[in-house]
Amino acid sequence: MSYYYKYNFVSPESIYSTVKEELKSYFDTGAVDDLMFPTYTNKCLNKLGKSSYYITEEILHIDNFEARLPDNFYAVREAWMCTSINGFPVQTPNSFYSQASTQTSIMLNPVTIGGRSCNNPECTNDACDGKCMPELIQAVFKTNNSFNHSWKKTYLLRPGNISVKKHCDLQCANFGASSADSFDIRDNKFVTNFRHGTVHLIFYATEYDEIGNQMIPDNYRIKEFIELFIKFKMFETLCNQVNDETFNQLLLKKQEAEKKSDEAYIMAQLEIQKQTADEKIRAIRQQNNSFNKYEIAGGRSKFRGYPRGPWRRNGTT
């Protein structure tokens, strides 16, 4: 099982507003516009790699060798073959309202207390000597069902052929998997070589805000790179048009913006490759465990002040 860091994703609308405000004179005259902003943002995310995309999970039920992929699917990160196990019942997120009562129903209207229902707040047992006659109201019941739904991840599926590799890269955990079952991706479908089953899919997704802008990671270096890259593309557009400024003035602004954009890309790339706190801990533990093969068999020694248990050398019996 691989580990990954999930960014918080935000709308790029604040970046677009910053660019339009700082280049206000060009936008006011109509020399440039924001029509290509989503395209430039997508170019930046593609240049940074799949690590800048949203990572989510989905359960696919394979029926007749295939299952439909989610609408926001971009690329595979992990595809696990799952087996069904007995588990605790799970309550469905949906509710059903009706006038019929069942064992899993709750009465919402009228409120019933001790077998008596009354909608008149002035009517109490003391006021009417226990002879309160409530108004006739149609009862409403809320029903929530439950079901047993449990799976266990068993092994990684293997990419089936060349066509599926364009949806994977070196970060895909399935590239080193050795299993009899394989998968393919074509026509927005997840295709396998087994007829029925359950697959736990961890994939890169494209997320959009309420106005259709592609969401970006909430990281300072990545947002700075997107902003400077859009500014560079604005000056590149101006160099290809006729306007009041001379070509040399625009060329100088373009070269300066391109330099800042390249520097921001390097910083964003370094930010993505940085190890998180959990990754550093795992690397330190892995490095410490690599010295276990040099421990004396049957003895105890100390390593950096911590007692170690008995370990055998490689090749000893």
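Just so it is clear, none of the values below were taken in a lab; they were calculated from the coordinates. Everything quoted here is computed from the prediction, not taken from an experiment. Counting neighbours? That spans all protein chains shown, and the Cβs are built from the backbone with ideal geometry, glycine included.
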With 28 Å as the limit, write out which pairs from Lys47/Lys189; Lys153/Lys189; Lys43/Lys253; Lys189/Lys223; Lys24/Lys260; Lys50/Lys253 have Cα-Cα distances beyond it, or answer none. Lys189/Lys223; Lys50/Lys253
In Hz, Karplus ³J(HN,Hα) per residue of region 219-233 (6.51, -1.76, 1.60; θ = phi - 60°; x = Gly, Pro): 10, 4, 5, 5, 5, 5, 5, 5, 5, 5, 5, 5, 4, 4, 5
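Less than 13 Å Cβ to Cβ from Met215, Lys/Arg counted +1 and Asp/Glu -1: what total charge do the surrounding residues give?
-3
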